[in-house]
Amino acid sequence: MTIQDIEKVQAELDALQCSNQKEVEEARVRFLGKKGIVTALFEEFRELDKDGKKEFGRPINTLKQAAQAKIDELKETVGQVQDASAPKVDLSMPGDDMDLGSRHPVSIVRQEIVQIFRKFGYDVAEGPEIEDDYHVFEALNFPPNHPARDMQDTFFVSSGHPNPLLLRTHTSSVQVRTMEKENVPIRVVCPGRVFRNEAISARAHCIFHQIEGLYVDEGVTFADLKQSILLFAREMFGPQTEIRLRPSYFPFTEPSAEVDVSCNICHGKGCNICKGTGWLEIMGCGMVDPNVLEASGIDSSKYSGFAFGMGLERIAMLKWRVNDLRHYFENDMRFLKEFEASIEV
Ligand code: PHE
């Protein structure tokens with residue numbers, strides 16, 4: 001035995017590379033197995049005389065330790081043998097980025113408004129989008145052929161019938177259904193999709209969303225209506241918000257009004273959002289016409305109520321200064337991602 005014999009094995013060990021565990025096991029057998037190179041050197045070593053043992057003892061032990069360490073290291077670091085038929089999956093690869101969805105601006109606004117009215121003690125009521133003429137018009141005091149029906153261009157589903165089916169033009173129909181079903185006092189908000197046969201433009205769409213509200217009880221007055229709307233407007237648009245009511249007309253309310261809120265951008269000074277007026281129109285409202293209460297079986301000599309209704313797209317447009325209604329329906333990711341920060345996890 002010479003020191004070169006040991007160095008040669010050490011060099012071989014240093015150069016050793018394995019690409020899978022099968023090769024590591026083969027290397028272990030080749031170096032350290034019963035018939036392995038290192039084991040053979042030990043057998044030679046055992047035959048040496050005292051001086052020989054003294055000379056080679058330390059290097060041969062160092063070699064054995066190095067061989068063991070190298071095999072241990074390879075066992076730790078080298079992968080399993082690849083089965084050629086198995087799919088080649090690298091589990092250490094980082095995963096694909098997953099785009100987190102965001103809430104649609106109309107949903108955000110709906111949720112906000114519903115939450116405000118829940119605090120005031122209102123329930124949420126929903127109803128069908130395909131409705132009949134009775135619930136959308138007749139029970140709401142639109143007599144047949146009354147010109148007020150033209151205010152809301154209707155998509156009819158069936159015609160030639162005394163009570164044709166149609167796509168609801170407002171969610172007031174849900175208020176009728178609620179009055180038919182529930183006992184007074186009634187306090188509900190009705191969010192939902194509505195449909196009108198209008199040419200699509202930046203300011204009009206054939207589909208949009210509303211929230212309408214209804215409060216019926218003994219002794220409800222216009223003052224209650226005004227105060228409720230003021231409280232809502234301040235919750236929604238900030239504590240400095242003022243409201244103003246302008247006389248208007250709806251067949252189902254008398255008196256009726258349009259509600260404006262003070263422009264929260266210019267604070268009444270006049271800007272291009274409020275078109276220089278300092279006011280923004282947000283909803284219609286009024287005292288429920290006694291005919292409407294009676295049609296749903298509520299005694300109008302005992303009870304009175306107020307109702308209001310607003311378009312969610314319009315509120316969202318004011319909130320985020322969106323200038324084109326069509327953005328809400330086109331599902332352009334660049335638009336929708338603007339609202340990512342609004343997601344509640
Ligand atoms: N239903 C009306 C509309 O769609 C809004 C409204 C509701 C007005 C309740 C007054 C009272 O335009």
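The values are calculated or read from the model by the stated rules, or taken from the named source; none is laboratory data. Fair warning: this is a prediction, and the values are worked out from it, not measured in the lab. Please note: Cβ atoms are built from the backbone with ideal geometry, for glycine as well, and neighbour counts cover all protein chains shown. Quick note on the areas: whole protein, heavy atoms, side chains included, nothing else; ligands and nucleic acids left out. Shrake-Rupley method; radii C 1.70, N 1.55, O 1.52, S 1.80 Å.
Pairwise Cα distances in region 105-342 exceed 33 Å for 16 percent of all pairs.
Scalar couplings 3J(HN,Hα) for region 253-259, obtained by applying the Karplus form with A = 6.51, B = -1.76, C = 1.60 to θ = phi - 60°, are 10, 7, x, 10, 8, 9, 9 Hz; x denotes Gly and Pro. If you run the Gaussian network model on the chain, springs between alpha carbon atoms under 10 Å, then out of GLY57, GLY276, GLY297 the most flexible one is GLY57.
Modelled spin labels at ASP97 and LEU48, positioned 7 Å past Cα toward Cβ, are 6.3 nm from each other. When peptides 286-295, 182-191 are ranked by their average number of other Cβ atoms within 10 Å per residue, the highest-first order is 286-295, 182-191. Residue-wise HN-Hα couplings along region 161-176, as the Karplus relation 6.51 cos²θ - 1.76 cosθ + 1.60 with θ = phi - 60° gives them from phi, are 10, x, 10, x, 7, 8, 7, 4, 9, 7, 8, 4, 4, 5, 5, 4 Hz; Gly and Pro carry x.
Can you tell me the accessible area per residue over the chain, all protein chains present, probe 1.4 angstrom, in square angstrom? Spell out each step's value before the answer.
On the way: 19790 Å² over 345 residues.
I get 57 Å² per residue for this part.
By the Cβ rule of 4.7 Å, the chain holds the following cysteines without a possible disulfide partner: CYS18, CYS190, CYS206, CYS285. Principal-axis analysis of the Cα atoms of the chain puts helix 21-32 at an angle of about 20° to the longest axis.
Sparsely packed loop sites in region 48-150 (the chymotrypsin sites (Phe, Trp or Tyr not before Pro) outside DSSP H, G, I, E and B with at most 16 other Cβ atoms within 10 Å) comprise PHE120. Say the cut-off is 22 Å between C-alpha atoms; which of LYS181/LYS302; LYS34/LYS54; LYS226/LYS275; LYS119/LYS337; LYS226/LYS269 go over it? Pairs exceeding the cut-off: LYS34/LYS54; LYS226/LYS275; LYS119/LYS337; LYS226/LYS269. The H on the amide N of ASP289, modeled in the peptide plane, is under 5 Å from the matching H of THR253, GLU254, each at least 5 residues off or on a different chain. Sparse packing (at most 12 other Cβ atoms within 10 Å of the Cβ) combined with a DSSP loop state is found for the following trypsin sites (Lys or Arg not before Pro) in region 4-70: LYS34, LYS35. Shape analysis of region 3-85 based on the Cα gyration tensor places the equivalent ellipsoid semi-axes at 29, 11, 9 Å, largest first. Expressed as a whole percent, the accessible area of the chain that falls on carbon and sulfur atoms is 50 (1.4 Å probe).
For region 37-193, the alpha carbon convex hull comes to 306 Å³ per residue, rounded to a whole number. Taking every alpha-carbon pair in region 154-215 and binning the separations at 10 Å intervals from zero gives 20, 40, 31, 9, 0 percent.
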